[in-house]
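Note sheet for the following structure.
The values are calculated or read from the model by the stated rules, or taken from the named source; none is laboratory data. Remember, it's a predicted structure, so these values are computed and weren't measured experimentally. Cβ placement follows ideal geometry from the backbone for every residue including glycine, while neighbour counts extend to all protein chains displayed. The accessibility values were calculated without ligands, DNA or RNA, using every heavy atom of the protein model including side chains. Shrake-Rupley method; radii C 1.70, N 1.55, O 1.52, S 1.80 Å.
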Amino acid sequence: MPSQKNIDIVAITTEKLENSQGVYFTNYTGLDVPKMTSLRKSFTENSVDFSVIKNTLVRIASKNAGLEGKFDDILSGQVGIAFSEDPVAPAKVIKNFKDENEDELKVLGVYFDGKLYDADKYQQLAVLPSKEELLGKFVSCLNSPMFKLASTLNGSMSKVAFALRAIQK
């Protein structure tokens, strides 16, 4: 008979698997407590939920989420899972952590856009701009023509005003 604690963990993990845009599977073997704490802090600062969940419970949760058997190959050993709404955020955190701490954290796989990718996919995602950066660039692109139009009209109006003043004198 499963305990209530495990039932709750499976329910929460199922919900995270269904609602997350990016799921990163990592092997954290060899990380000491201060480095693991630093990693968790970096994830939290970037709105990423990092959890260490028993592999059997993750298998059950993935089955409940309609992803049965998808993660079986990577769920062995000490696996930490990063769940995020922004699929790029965990990749950036992992890349920064690996730059500072050599190769102590190993990416096992990335579940993104309905597909499971190999470990190298996170490096490609880490160089992409975040959602906020893309939105900022989009707004800037929308604002630029309006700003140019306003500047042009303002310049034309001032020329008309100067011409009228010259005629008045």
- Item | Difference of contour (0.36 nm per residue) and Cα-Cα distance, GLU133 to ASN55 | 24.6 nm
- Can you pull the one-decimal nm distance between simple spin-label points at GLU68 and ILE12, each 7 Å off the Cα toward Cβ? 2.6 nm
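Normalised by the empirical 2.2 N^0.38 Å for globular proteins, what value does the Cα Rg of the chain take?
Its radius of gyration relative to the 2.2 N^0.38 Å reference: 1.62.
Taking 32 Å as the cut-off for C-alpha to C-alpha distance, list the pairs among LYS131/LYS159; LYS92/LYS148; LYS54/LYS92; LYS5/LYS121; LYS54/LYS137; LYS70/LYS131 that go past it.
Long pairs (Cα-Cα over 32 Å): LYS131/LYS159; LYS92/LYS148; LYS5/LYS121; LYS54/LYS137.
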- Task: Find out how many positive minus negative residues lie around ILE81, taking Lys and Arg as positive, Asp and Glu as negative, among other residues whose Cβ is under 9 Å from that of ILE81.
- Result: 0
- Principal-axis tilt of helix 131-168 within the chain, Cα atoms, nearest 10 degrees: 10 degrees
- Taking only protein heavy atoms into account and a 1.4 Å probe, give the accessible area per residue of the stretch 1-144 in Å². 58 Å²
- Query: Carbon and sulfur together cover what percent of the accessible area of the stretch 1-125 at a 1.4 Å probe radius?
  - Reply: 47 percent
- Task: Please find, in a Gaussian network model of the chain (springs between Cα atoms separated by less than 10 Å), the residue of LEU135, LEU67, LEU108 whose mean-square fluctuation is greatest.
- Result: LEU135
- Item | Rounded FRET efficiency, nearest 0.05, which uses the C-beta distance separating GLN78 from LEU142 and R0 of 45 Å | 0.45
